1. When you go through Gly76, Gly104, Gly136, Gly113 one by one, which is the residue that is within 25 Å of Asp50 (Cα to Cα) and without any contact (Cβ under 8 Å) to a residue 12 or more places away in the chain?
2. May I ask you to verify whether Phe98 is surrounded by 14 or more Cβ atoms within 10 Å (Cβ to Cβ), of a type outside the set (A, V, I, L, M) and over 21 Å from Leu38 (Cα atoms)?
3. Within region 74-106, how many residues turn out to be part of a helix (DSSP H, G or I) and under 20 Å from Asp8 (Cβ atoms)?
4. Across region 1-44, which residue is farthest from Ala73 (Cα to Cα) among those that are outside any strand (DSSP E or B), touching a residue at least 40 places away in the same chain (Cβ under 8 Å) and among the aliphatic types (A, V, I, L, M)?
5. State yes or no: is Arg48 of a type in the set (Lys, Arg), closer than 25 Å to Asp125 by Cα and not assigned by TED's automatic domain parsing to the domain that holds Asp108?
6. Within region 107-135, restricting attention to residues that are assigned to a helix (DSSP H, G or I) and among the β-branched types (Val, Ile, Thr), which residue is farthest from Arg83 (Cα to Cα)?
7. Could you list, in sequence order, the residues of region 9-48 that are buried (at least 17 other Cβ atoms within 10 Å of the Cβ) and touching a Ser or Thr at 6+ places or on another chain (Cβ under 9 Å)?
8. Against the condition assigned to a strand (DSSP E or B) and exposed (fewer than 13 other Cβ atoms within 10 Å of the Cβ), how does Arg71 come out, does it pass?
Amino acid sequence: MIDVTEDDVWDACTNPERIPRWFLPVSGELKEGGRYQLEGNAGGTITRCDPPHGFDATWEMGGDISWIELRLADEGNGRTLFRLDHIAHVDDERWAQFGPGAVGVGWDSGLIGLYLHLTTRQAVDPDKVRQWSASGEGHRFLTASSDAWCEASVAFGTDPAEARAAADRTTAFYTGTPGPGARAGQHG
C-alpha cells in the first residue's frame with residue numbers, strides 16, 4: 001500500500017518520461033502489443049494494458065523469457081495497493097542456485113526507487129543509488145531482502161538448508177561479497 005493515487009502510480013509505471021526517474025531509461029511503444037526496452041536490462045512485449053489498473057508484459061533478458069503482471073487498486077483516500085508478480089520458469093539447477101531471491105531482491109531494490117519518486121516527487125539519482133547499494137545500509141537492505149525471500153522459499157516447501165544456501169548466493173551476487181559458507185570470488 002502506498003499513499004499515492006492510483007492514477008499517479010500508473011503514470012509513474014507507464015510514462016516513458018517518468019520511468020527513468022525511478023528505474024531505467026526505456027524506449028519503444030508503451031502500449032498493448034508494443035515492444036519496450038529498458039536500457040541495459042530487459043525488454044519485451046506489452047501483452048495486456050488496462051489503464052490505470054494494470055498491465056502484463058514479457059520480460060526478456062539474456063535469452064530467457066518471463067512475465068510481469070502489474071496490478072493497481074484504488075484503496076480510497078489517495079491510497080493505492082501495488083502488486084507486481086514476476087513469473088519466471090527456471091530450470092531446477094538455477095532455482096537451486098539462487099531460489100526466488102534472484103528476481104525478488106532485484107525488484108525489492110528497484111521498487112525503492114519507485115517509492116522514493118512517488119513520495120518525494122523527485123528523480124532518483126543513479127549515482128546515489130549505486131553509492132547506497134554499496135554502503136553498509138545498502139548491504140543490510142539487500143541481505144534482509146534475500147533473507148525474506150529465503151523465508152518465503154521455506155514456507156513454500158524448500159528444505160531450509162537449501163533455501164539458506166541459495167539465499168546466501170543471492171546475497172553474495174547482489175552485494176558483491178561472499179555470503180556465509182561461500183568461497184571468496186564465487187558470485188552467482
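The values are calculated or read from the model by the stated rules, or taken from the named source; none is laboratory data. Given the structure is predicted, the values throughout are model-derived calculations rather than measurements. Cβ sites come from the backbone with ideal geometry, for glycine too, and all protein chains shown count toward neighbours.
1. Only one candidate passes the filter, namely Gly76.
2. So Phe98 passes the test.
3. 0
4. If we take residues in region 1-44 being outside any strand (DSSP E or B), touching a residue at least 40 places away in the same chain (Cβ under 8 Å) and among the aliphatic types (A, V, I, L, M), then Ala12 is farthest from Ala73 (Cα to Cα).
5. Taking the combined requirement at face value, the residue does not satisfy it.
6. Val129
7. Val9, Trp10, Leu30, Tyr36, Leu38, Ala42, Gly43, Gly44, Thr45, Ile46
8. no
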